[in-house]
Amino acid sequence: MIVGHAKIIERLEAMRKKDTLAHGYLFYGPQGVGKFKVALELARALICSRGEQGLGGCGSCEMCLGFEAGTIPNLTILRPGEPILASEEKDKKEIGIAEVREVRRRLGFASSGYRVVTIDGAEKLTAEAANAFLKILEEPGPQTLFVFITVAPEYVLPTILSRLVPFRFSLVSDKEMQKIKGATRELMELAAGAPGILVSVVNEPKFREAEEGLFSEAQKIYGGSLAKAVAASERRFNSPEEYSRILMHLLRFSERDLLLGGEKE
């Protein structure tokens, strides 16, 4: 189930039905809001044998069942730390050129129907890998779709960005977040508008504990001095994900106080 992003889904569906999809898209926005989920459901719809179905496919055809089992060669997912080559290190924090070359090799094989490549963490492409991808994007081939996903588009090669259609994913309203099983007001506050974060805090106690720590730190910063804020930023600077989550909480605190007529600086 996709939570939120109705307008984005509507646009993608309209282009898919009219067969006017571009070869490349950029899904960007905060961590955990559903960018990868939407990319995956779009891929399922394109690969589904029953093309008349909406995002997510029919769920029962041979292609959809294979998709569920992870045995569909038409989909390739690149992620830092999850190499598609056995020779690559599993704990790598970047996406290297060897994996991009493997993508080119896979796309070189004849295949019926759509072929989808999703790059989740596009800002983690090495310079060499990004330049290699640029060459693939220049000659994508028919029925080939690339979805680049990132929380930091400013770190993606500008020449790659120029070849992608951007979709900005925003935070999801609490009204939409309530659709997630196990959602409570307390947990929704921890998730700060990110459905993926909410699912994790509901189901993973250790993840919830970590998020509670970030939320607590954000509260201390918001109610404290500039010196505390600077000290916190220094502690979290080496973890962009944690840094981003704290900033998200601070923005929500500010929004709340503005709506309530507060005068906090």
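The values are calculated or read from the model by the stated rules, or taken from the named source; none is laboratory data. A quick note: this is a predicted structure, and the numbers were derived from the prediction, not measured. All Cβ positions, glycine included, derive from the backbone under ideal geometry; neighbour counts span all protein chains shown. Surface accessibility is based on the protein's heavy atoms, side chains included, excluding ligands, DNA and RNA. Shrake-Rupley method; radii C 1.70, N 1.55, O 1.52, S 1.80 Å.
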How much of the accessible area of the chain, in percent, comes from carbon and sulfur atoms when a 1.4 Å probe is used? 53
In straight Cα distance, which aspartates and glutamates are under 14 Å from K93, not counting same-chain residues fewer than 8 positions off? E82, D120, E123, E241
Scan around Q31 for amide H atoms under 5 Å from its own, H built in the peptide plane at 1.01 Å from N, and keep only partners 5 or more places away or cross-chain. none
Of the residues R115, R44, R163, which exhibits the maximal mean-square fluctuation in a Gaussian network model of the chain defined by a 10 Å Cα contact cut-off? R163
Highest-MSF residue in the chain out of L161, L214, L226 [GNM, Cα springs under 10 Å]: L226
Sum of side-chain charges, K135 neighbourhood, beta-carbon under 14 Å (Lys, Arg +1; Asp, Glu -1): +1
Cβ neighbours within 10 Å, averaged per peptide: list 190-196, 165-171 in order, most packed at the top. 190-196, 165-171
How would Y155, Y243, Y25, Y114 rank on accessible area, largest to smallest, probe 1.4 Å? Y155, Y243, Y114, Y25
Can you give the FRET efficiency to the nearest 0.05 for E212 and E10, using r as the Cβ-Cβ distance and R₀ = 41 Å? 0.70
Local electrostatic count, L78, Cβ distance below 10 Å [Lys/Arg +1, Asp/Glu -1]: -2
Counting DSSP beta bridges with both partners in the chain, what percentage is antiparallel, nearest 5? 5
Between S173 and E234, what length comes free when the chain is fully extended (0.36 nm per residue of separation minus the Cα-Cα distance, one decimal in nm)? 18.9 nm
Around R168, with a cut-off of 11 angstrom between Cβ atoms, what is the net charge of the other residues, counting Lys and Arg +1 and Asp and Glu -1? +2
Given a 1.4 angstrom probe, what's the average accessible area per residue across segment 172-221, in square angstrom? 56
